[in-house]
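The values are calculated or read from the model by the stated rules, or taken from the named source; none is laboratory data. Keep in mind that this is a model prediction, so the values were computed, not measured. A quick note on method: Cβ atoms are made from the backbone with ideal geometry, for glycine too, and the neighbour counts reach across all protein chains shown. The accessibility values were calculated without ligands, DNA or RNA, using every heavy atom of the protein model including side chains. Shrake-Rupley method; radii C 1.70, N 1.55, O 1.52, S 1.80 Å.
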Amino acid sequence: MIFSRKRAAGRHALDERATNLPETAAGALSTPVEPARGPYDVTEAPDGVQRLDLGSLQIPAVPEVEVRVQADQQGVVQQVVLVHGQSALQLGVFAAPRSEGIWDEVREEIRQSLLADGAAAQEVEGEYGTELHAQVRTEDGLTDLRFVGVDGPRWMVRAVYQGAAATDPAAAGPLAHCLDGLVVDRGVEAKPVREPLPLRLPREAGEQVATGDPAAGQAGAASAPGGR
């Protein structure tokens, strides 16, 4: 899918500002306020945006961004990767507790795993808070990765940048717009903490799987309204 928003201060920054306001101003904010940017919970997502619906994740249509979805023969999505130019963004969404975020803990586990594999990893402050920057060895040589985590209400989004966007956040461009506009539909059922939230192919692609289309279920480009 070739798909396409201006960035602003994040939800958590907005919450922190609200707690530091005088009582009268804080009272004015008691009315629900739409977050300045996502990832959004489905209950607070802005209307009027074209999105690719993958179940627990809804990805905004951004020009020149291709969404590659890999699924099994039952239509269960196993991997979602957004591609723009020489950069890519892999997305995952997981269940989290109601009371606290889990990114700090998950990030440390990722860091320890990378170090155990001999990869260099360091924490860097980014737009969403603390990120993890790493360099791993692959068949093609050293590859840069940038791990970003966003804690939401009972969910956590993990985003992994590759390519130019891994070393230079300014190069993320449209991929960053996709992350800013991402919508998470957590659902109401209880789930173990860190369990991946279910993703599914869009209806059209799911119908191809059901009819036995050999091209369906493989890594490929998904389409959405407004895509190109």
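Is one or more of the residues making up the stretch 176-197 in contact with a helix residue (DSSP H, G or I) (Cβ under 6 Å, 6 or more places away or on another chain) and closer than 24 Å to Leu57 by Cβ? Break it down into steps so the answer makes sense when it comes.
Restricting attention to the stretch 176-197, the residues satisfying the condition of being in contact with a helix residue (DSSP H, G or I) (Cβ under 6 Å, 6 or more places away or on another chain) are none.
The answer is no, given that none of the residues of the stretch 176-197 is in contact with a helix residue (DSSP H, G or I) (Cβ under 6 Å, 6 or more places away or on another chain) and closer than 24 Å to Leu57 by Cβ.
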Scan the stretch 139-165 and report the pairs whose first residue is closer than 20 Å to Val83 by Cβ and open to solvent by 20 Å² or more (accessible area, probe 1.4 Å) and whose second residue is outside any strand (DSSP E or B) and among the basic types (Lys, Arg), with Cβ atoms within less than 8 Å and a gap of 6+ or a chain change. Phe147/Arg107
Would you confirm whether any residue within the stretch 175-183 is closer than 30 Å to Val49 by Cα, open to solvent by 50 Å² or more (accessible area, probe 1.4 Å), among the hydrophobic types (A, V, I, L, M, F, W, C) and out of contact with any strand residue (DSSP E or B) (no Cβ under 8 Å at 6 or more places or on another chain)? no
Any chance the stretch 164-183 includes a residue that's among the aliphatic types (A, V, I, L, M), closer than 18 Å to Gln78 by Cβ and either out of contact with any His (no Cβ under 9 Å at 6 or more places or on another chain) or modelled with pLDDT of 95 or more (or both)? no
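Output the residue which, of all residues in the stretch 39-61 that are of a type in the set (Asp, Glu) and not in a loop (DSSP other than H, G, I, E, B), is surrounded by the most Cβ atoms within 10 Å (Cβ to Cβ).
Of the stretch 39-61, the ones of a type in the set (Asp, Glu) are 41, 44, 47, 53.
Pick out the ones that are also not in a loop (DSSP other than H, G, I, E, B) and you get 41, 53.
Details: Asp41: 17, Asp53: 15.
Selected residue: Asp41.
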Subset tally (residues that are modelled with pLDDT under 95 and either assigned to a strand (DSSP E or B) or within 18 Å of the chain's Cα centre (by Cα) (or both)) for the stretch 102-120: 1
Quick one: in the stretch 123-134, of everything that is modelled with pLDDT of 95 or more and open to solvent by 50 Å² or more (accessible area, probe 1.4 Å), which residue is farthest from Val62 (Cα to Cα)? Glu123
How many residues are crowded, with 18+ Cβ neighbours inside 10 Å and part of a loop (DSSP other than H, G, I, E, B) if we restrict to the stretch 62-101? 5
Looking at (1) under 18 Å from the mean Cα position of the chain (by Cα); (2) closer than 19 Å to Gly187 by Cβ, which one does Val65 not meet, given that it meets all the others? (2)
